[in-house]
């Protein structure tokens with residue numbers, strides 16, 4: 001019985017071995033036939049044959065067939081289909097000798113779709129996965145073309161933070177420094193050049209980056225950068241323009257008096273705290289200013305002051321009046337006092353220094369104006385003074401004659417008595 005079973009197993013094993021051999025032989029025959037069709041220029045028939053083979057998961061030729069199907073689609077300019085099939089081939093991770101070519105074609109396909117960051121990544125992979133000089137040269141040339149002429153600086157910066165092949169990572173770092181230099185963003189170019197040297201101390205562009213660092217450091221010593229964060233568009237534009245003109249005048253005076261070359265880096269806050277927060281990050285990272293003037297509104301100042309303090313960049317806030325801005329840190333300078341402080345100081349000066357006792361007051365009818373009027377009145381009355389009359393005016397109101405007439409009314413009886421006394425003295 002055991003011998004019979006042993007014989008049955010042996011025959012079965014032999015049959016399976018023969019079937020596998022015959023199957024492999026059949027797969028090779030089918031693949032060779034498809035190749036022959038391709039070489040005869042019968043691309044449609046060849047593509048159909050390769051497609052059929054690619055669907056035979058057990059076939060050792062399925063991945064090769066997938067690649068060749070994609071390649072024929074590429075040559076036929078059926079780019080969407082070529083993209084799908086090359087992606088499927090790459091995702092399989094098989095046939096390593098074909099992989100660099102697949103990534104090169106994928107780079108071209110994404111380039112045609114104007115998806116330049118993805119194209120750059122594919123070219124980088126194509127270069128990294130092969131030692132073949134011609135293929136490396138093609139991938140390197142295509143990658144350099146994209147990094148220099150097709151990606152925006154923002155896209156290039158974003159690409160640098162993506163997981164890249166080592167070669168692509170080095171090229172991106174090199175071109176970042178080079179592009180910022182070309183855009184005359186010297187401080188940013190210097191930072192990127194130093195980053196390259198730190199990450200790639202033996203990189204292919206090491207000598208160029210060392211020379212760039214030396215040149216930029218010398219050039220930056222000759223210029224002082226002052227940042228300006230003001231609204232130069234939107235409803236606060238008029239105020240921003242005035243501050244900007246004042247800063248420009250100060251820079252011109254510094255050059256005339258002391259020979260200082262001051263470059264202004266101006267960013268539009270639009271009077272919006274979120275825009276201001278983005279603007280200070282951009283101005284510090286790109287231009288490395290020694291100080292920043294602005295922003296104007298308290299809401300914007302709150303949004304940027306903490307960042308300036310953290311980066312140890314002096315922030316001179318000219319008009320924001322919110323209490324506590326200067327207390328954020330030693331690099332924050334607030335020139336305007338809060339409404340409460342301003343109203344209190346004016347009242348104390350008038351009562352204690354000028355010895356005045358009777359007052360009229362006028363101010364805008366917004367939160368700031370009413371706040372000043374209230375604290376002014378409280379301080380005056382607590383120090384023995386008296387508020388005879390108060391008036392307010394609306395934003396944009398120019399003719400304040402009605403308010404001043406009403407402010408004058410409490411004094412009219414006394415004024416008439418004085419005039420009557422003068423008249424009686426003259427007679």
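Can you pull a Stokes-Einstein diffusion coefficient for the chain at 4 °C (1.567 mPa s), Rh from Kirkwood over Cα pairs, as a whole number of µm²/s? Translational D for this selection: 44 µm²/s. Helix 367-382 axis versus longest C-alpha principal axis of the chain: approximately 40°, rounded to the nearest ten.
For the stretch 224-336, relative contact order (Cα pairs under 8 Å, six or more residues apart, normalised by length) works out to 26 percent. Axis angle, to the nearest 10 degrees, between helix 2-39 and the longest C-alpha principal axis of the chain: 70 degrees. Give the separation of the Cα centroids, the stretch 92-120 to the stretch 358-388, in Å. That distance is 73 Å. Once C-alpha pairs closer than 8 Å and six or more residues apart are averaged by separation and normalised to the residue number of the chain, the relative contact order reads 6 percent. Counted by neighbouring Cβ atoms within 10 Å, the residues 121, 288, 412 run from fewest to most as 412, 288, 121. Counting other Cβ atoms within 10 Å as a rough exposure proxy, the listed residues 98, 239 run 239, 98 from fewest neighbours to most.
For the chain, the longest principal axis of the alpha carbon atoms and the long axis of helix 79-92 meet at an angle near 80°. Which of rounded, prolate or oblate describes the stretch 222-283 when judged by the alpha-carbon gyration tensor and an a/c cut-off of 1.5? Oblate is the answer for the stretch 222-283, as a/c is 1.5 or above yet b/c matches or exceeds a/b. Relative contact order, whole percent, for the stretch 289-387 stands at 21, derived from Cα pairs under 8 Å and 6 or more residues apart. Each residue in 319, 381 was given a count of other beta-carbon atoms within 10 angstrom of its own, and listing them fewest first yields 381, 319.
Among rounded, prolate and oblate, which fits the stretch 356-426 when a ≥ b ≥ c are the square roots of the eigenvalues of its C-alpha gyration tensor, a/c under 1.5 means rounded, and a/b larger than b/c means prolate? Here the stretch 356-426 falls in the oblate category. Per residue of the chain, the DSSP helices (runs of n ≥ 4 H) give a summed -39500 (n - 2.57) that works out to -21500 deg cm²/dmol at 222 nm.
Values quoted throughout were computed directly from the atomic coordinates according to the rules given, and no laboratory measurement underlies them. Quick caveat, the model's predicted, so the values are computed rather than measured. Cβ atoms come from the backbone with ideal geometry, glycine included; neighbour counts cover every protein chain shown.
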